[in-house]
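The values are calculated or read from the model by the stated rules, or taken from the named source; none is laboratory data. A quick note: this is a predicted structure, and the numbers were derived from the prediction, not measured. Cβ placement follows ideal geometry from the backbone for every residue including glycine, while neighbour counts extend to all protein chains displayed. What goes into the accessible areas is simple: the full protein's heavy atoms, side chains included, and nothing from ligands, DNA or RNA. Shrake-Rupley method; radii C 1.70, N 1.55, O 1.52, S 1.80 Å.
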Amino acid sequence: MSASTSEQTLFLLKMRGPQTAQQLAALLDITSMGARRQLEAAQGRGLVAFEDLADKVGRPSRRWALTREGHARYPDRHADLTLELIAQVKTLFGDEGLDKLIVARERSSEAAYARLVDLRLELAQRVDSLARARDGEGYMAHAEPQDDGSVLLVENHCPICAAATACQNFCRSELAIFQRVLGDDCKVERSEYLLDGGRRCVYRIMPVDASSAGS
C-alpha cells in the first residue's frame, strides 16, 4: 500500500495544489500521521516541499506542494524531440513555416474535438466533453460548473509545455480552437496560465446572449 499511497499523494498535490497533511489524510482516508510520513518520505526524495503560512488564529498552517522535481514526474511528451523539431522547422522554413505547422496542428485538433463536442448540448456538457478529450491527451483536465453559469476548463498539466515555452503560438491557437469548438453562444478566456507562473492553465467559458454572440 505504501508505494500506491505515495503515488496518490503526489497525484493529489499535482491536481489540487498545496495541501496540508490533514487535508491529504482526509482525501487518502489515512491518519494525519500517515500522511505526514508520506510527505516526509517524498521530501527526502526532493519531490515535495512545505511552506508555513500564518492563519488568522492559532499556529501557522503547513502546506505541502510539489517541487520542480515533483512536477517533472508528469513530463512533457517527448520534450527534447519536440524542441529539436521546432528548431529545425524554423531553420529550414523560417517563422512562416512554423506558423504553417501550428495552423495544421490547430486544424487537426479542432476536427478531433468537434467530433466529440455536440453543440446541441448544454454548455456544461460541451465543456465536459472537451475536458475529457484533453484529459485523454495528458492534460489532467476536468470541467467545473460555476454558480454564475460559467464553466471552468481546468488543466493541471501541460504535456506540450516545452513546445509552448519555445513557441507560445501553440497556446494562443488553443484559445481559438476552444472558442470555435464550443460554439458562438459562449466566450472563452484564460484565467490562469502555466507559462505566466501559474500552477495550471484554467479557461473560463462564459455564456453570452444571442445579441452579444451576433455582434
Worksheet item: Which pairs have Cβ atoms under 7 Å, sit 6 or more apart or on different chains, and link a residue in region 139-150 that is in a strand (DSSP E or B) to one that is open to solvent by 60 Å² or more (accessible area, probe 1.4 Å)?
Response: ALA141/ASP135; HIS142/ASP135
Discussion item. Being modelled with pLDDT of 75 or more and touching a helix residue (DSSP H, G or I) at 6+ places or on another chain (Cβ under 8 Å) is the filter here; which residues of region 67-82 pass it?
Written reply: GLY70, HIS71, ARG73, TYR74
Item to complete: With respect to THR31, determine if the residue is more than 19 Å from TYR74 (Cα to Cα) and open to solvent by 60 Å² or more (accessible area, probe 1.4 Å).
Response: yes
Fill in: In region 78-122, the residues that are more than 18 Å from GLU155 (Cα to Cα) and in contact with a Gly (Cβ under 9 Å, 6 or more places away or on another chain)
VAL89, LYS90, LEU119
Item to complete: Filter region 115-136 down to residues that are open to solvent by 60 Å² or more (accessible area, probe 1.4 Å) and in a loop (DSSP other than H, G, I, E, B) and give me whichever is farthest from LEU12 (Cα to Cα).
Response: ARG120
